[in-house]
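Some notes on the structure that comes next.
Laboratory data are not the source of any read-out in this text; all were calculated from the coordinates shown. As the structure is a prediction and not an experimental result, all values here were calculated from the model. Please note: Cβ atoms are built from the backbone with ideal geometry, for glycine as well, and neighbour counts cover all protein chains shown.
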Amino acid sequence: MFEFKKSAQDPNSYARTGVLSTPHGQVRTPAFMPVGTAGSVKGITPDQLGATDTDIMLCNTYHLALRPTADVVAEFGGLHSFIGWNGPILTDSGGFQVFSLAELNHIDDDGVAFKSHIDGSLITLTPEHSIEIQNKLGADIIMAFDQCPPLPGTPEDIKAAVERTIRWAKRSKTAHNRTDQALFGIVQGGLDVNLRRHCIDAIAEIGFPGYALGGLSVGETHEEMVTCLNQVTHHMPEDKPRYLMGVGMPRDLVAGIRSGIDMFDCVLPTRNGRNAYAFTPTRSLKLRNAGHALSHAPIDETCDCYTCRNFTLGYIRHLFMAKEMLGPTLASIHNIRFFQKMMARIRDLIAQGNLERIYEEYPVTKTTAK
RNA sequence: GGGAGUGUACCCAAGUGGCCAAAGGGGACGGGCUGUAAACCCGUUGGCGUUCGCCUUCGAUGGUUCGAAUCCAUCCGCUCCCA
């Protein structure tokens, strides 16, 4: 029911292509997962999402547990039918909220007690509870509950997060009781290569159908992250999908893929889209800038998305200046399509053994990291 | 004709003797955003010089004062009420 099949290997890096089979369809890797935190990729419909050539999307356990609650989602037959997306879904475990809502939580070895950002009520998330929620939500891929420490962090804090994440991974696996959902393990360790490798070994020993790198893009520089990935990713089990959580910018994706990553998720195309920022192969556009006011050009001449086929920059700028909701929608559609088109091109180039060419076709992916 | 108000920067609007180049909001301009507390957040918004300072500015003109957006006189514009 869940299977990962590698297909091509880039000769000049650890990059590879593959296909992930899930109960709701296949995912071509390397894959980019748009984020639909509260069960919706903000601002666009599932149809529009599908039209960007997206295979799989991400939803968030913490947010859905608070509202509408996992029981309500289960009552509707699970996430797929509740949100009207019939493709594969991955749910985050809430581990990232341990980081992003740090001021609202208290961590101990049992789990994390959050003060709800919605009404202040107390919600505790333990590995068991996170998995129970994710079992009810019914995504195709679910994630172990981890502790994601911010960077830079003290060696003691990073080490403690690693050991706790390992303990929580075991508990997550024990708690998981649905065979139609693949539970991925998460590796922590900050930028410490030895600690990362130690964590990989421990998590791999527990045994999961996929492995994620968490705790990156949380405060470190692009160079630091890439340096770490280049020494760490290829130590992850080679025959299982590798998922770099929360990343990222186009250059981060290419660098991650070269290090051997197969899956990514990131809010950038949607959040930045809503905030009037558009990605293109050669540059980024701030859609509100006055210079676009009279532009009859699309966001990206080379893009085949709905937005670029039908609307001018001048009009899209107007929508943002007038605070029309269509602006964020059109920009989000474009950005997700941009990411997916780039990923498709990357898969093609890996299959051709010529991934290096991506730097010419997508200059924005050029990296300053070694 | 009589009476009562009012005029501040691109717009609205505070300020009623010095701490005022002038609050706040809007608009405009620029920047940021990496497992989403984000259709959000930050900065700039009279001129000239890189601290800090100088210059011009609160309807207009003239005056009082060491000092005026603030007080006085006159004028101009606008609003409302009574005829």
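Find out how many positive minus negative residues lie around A:F32, taking Lys and Arg as positive, Asp and Glu as negative, among other residues whose Cβ is under 13 Å from that of A:F32. Present the calculation step by step, with values, prior to reporting the outcome.
Numbers: positive: A:R28, A:R337, A:K341, A:R345, A:R347; negative: A:D53, A:D55, A:D252, A:D262, A:D265.
Overall, the nearby charge balance is 0.
If Lys and Arg each add +1 and Asp and Glu each add -1, what is the summed charge of the other residues whose beta carbon sits under 12 Å from the beta carbon of A:F320? Please report the intermediate quantities before stating the final value.
Numbers: positive: A:R274, A:K286, A:R288, A:R317, A:K323; negative: A:E324.
The answer is +4.
All other residues with a Cβ under 11 Å from the Cβ of A:I44 taken together, and with Lys, Arg as +1 and Asp, Glu as -1, what is their net charge?
+2
List A:H198, A:H129 from most exposed to least, where exposure is judged by having the fewest other Cβ atoms within 10 Å.
By the 10 Å Cβ count, ascending: A:H198, A:H129.
Taking all pairs of different Cα atoms in the stretch A:268-353, averaging 1/r and flipping that mean, what Kirkwood radius in angstroms comes out?
Evaluated over the stretch A:268-353, this radius sits at 12.9 Å.
Less than 17 Å apart at the alpha-carbon level, and either on another chain or at least 8 residues along: which lysines does that give for A:K5?
Of all the lysines, those that pass the test against A:K5 - Cα under 17 Å, at least 8 places apart if same chain - are A:K240.
In bins 5 Å wide, starting from 0, what share of all Cα pairs of the stretch A:328-370 does each bin hold, as a percent?
Calculated over all Cα pairs of the stretch A:328-370, the distribution is 5, 21, 24, 21, 16, 8, 4, 1 percent.
Rounded, prolate or oblate: which fits the stretch A:212-370 when a ≥ b ≥ c are the square roots of the eigenvalues of the alpha-carbon gyration tensor, with rounded for a/c under 1.5 and prolate only if a/b beats b/c?
Since a/c reaches 1.5 and a/b is larger than b/c, the shape of the stretch A:212-370 is classed as prolate.
Counting pairs of alpha carbon atoms under 8 Å apart in space and at least six apart in sequence, what relative contact order in percent does the stretch A:105-164 give? Kindly include the intermediate steps, with their values, before the conclusion.
On the way: 49 pairs, mean separation 12.4, N = 60.
Value for the stretch A:105-164: 21 percent.
Based on Cα coordinates alone, diagonalise the gyration tensor for the stretch A:49-145, multiply each eigenvalue by 5, take square roots, and list the semi-axes in whole Å, largest first.
Values: eigenvalues 120, 37, 30 Å².
That gives 25, 14, 12 Å for the three semi-axes.
For chain A, with only Lys/Arg (+1) and Asp/Glu (-1) charged at the beta-carbon, what is the dipole magnitude about the Cα centre, in debye rounded to 20?
For this selection, approximately 860 debye.
Could you calculate the contour length gain from A:Q9 to A:D201, that is, 0.36 nm times the residue separation minus the distance between their Cα atoms, to one decimal place in nm?
Taking A:Q9 through A:D201 to full extension adds about 66.8 nm, to one decimal.
Taking all pairs of distinct Cα atoms, average 1/r, flip it, and tell me the Kirkwood hydrodynamic radius of chain A in Å to one decimal place.
20.8 Å
Please state the relative contact order of the stretch A:54-111 as a whole percent: Cα pairs under 8 Å, 6+ residues apart?
45 percent
What Kirkwood hydrodynamic radius, in Å, does the stretch A:187-237 give when the mean of 1/r is taken over all pairs of distinct Cα atoms and then inverted?
Mean inverse Cα-Cα distance, inverted, gives 11.0 Å.
Taking only DSSP H segments of four or more residues, each worth -39500 (n - 2.57), what value at 222 nm results for chain A once the sum is divided by all its residues, to the nearest 500 deg cm²/dmol?
Taken over chain A, the calculation gives -11500 deg cm²/dmol.
List the extent of the Cα atoms of the stretch A:171-210 along each of their three principal axes, largest first, rounded to whole Å.
34, 14, 13
Using Cβ contacts closer than 10 Å as the measure, can you line up A:Y62, A:Y14 from fewest to most? Spell out each step's value before the answer.
Values: A:Y62 26, A:Y14 18.
Fewest-to-most Cβ neighbours within 10 Å comes out as A:Y14, A:Y62.
Return the distance in nm (one decimal) between the two label points of a simple spin-label model at A:R67 and A:D348, each offset 7 Å from Cα along Cα→Cβ.
In this crude label model, A:R67 to A:D348 measures out at 4.3 nm.
Magnitude of the Cβ-charge dipole of the stretch A:1-99, K/R +1 and D/E -1, about the Cα centre, nearest 20 debye?
200 debye
Please give the contour-minus-distance gain from A:R357 to A:F76: 0.36 nm per residue of separation, less the Cα-Cα distance, rounded to one decimal in nm.
Using 0.36 nm per residue and subtracting the Cα-Cα distance, I get 96.6 nm.
So for the stretch A:223-370, averaging the separation of alpha carbon pairs under 8 Å that are six or more residues apart and normalising by length, what relative contact order in percent results?
Relative contact order here is 26 percent.
Working from the alpha-carbon coordinates of the stretch A:219-289, get Rg over Rh, Rh being the Kirkwood radius.
Rg divided by Rh gives 1.05.
Given a cut-off of 27 Å, name the pairs among A:K115/A:K286; A:K42/A:K341; A:K42/A:K286; A:K136/A:K173; A:K115/A:K136; A:K42/A:K170 whose C-alpha atoms lie farther apart than that in the structure shown.
Beyond 27 Å: A:K115/A:K286; A:K42/A:K170.
Please pull out the direction-averaged projected area of the stretch A:126-265, using the convex hull of its alpha-carbon atoms, in nm² to one decimal place. Numbers along the way, then the final one.
Details: hull surface 30.2 nm².
Computing the convex hull of the Cα atoms and averaging its projections yields 7.5 nm².
If the reach is capped at under 12 angstrom between alpha carbons, list the aspartates and glutamates near A:K159, excluding any in the same chain fewer than eight residues apart.
A:D192
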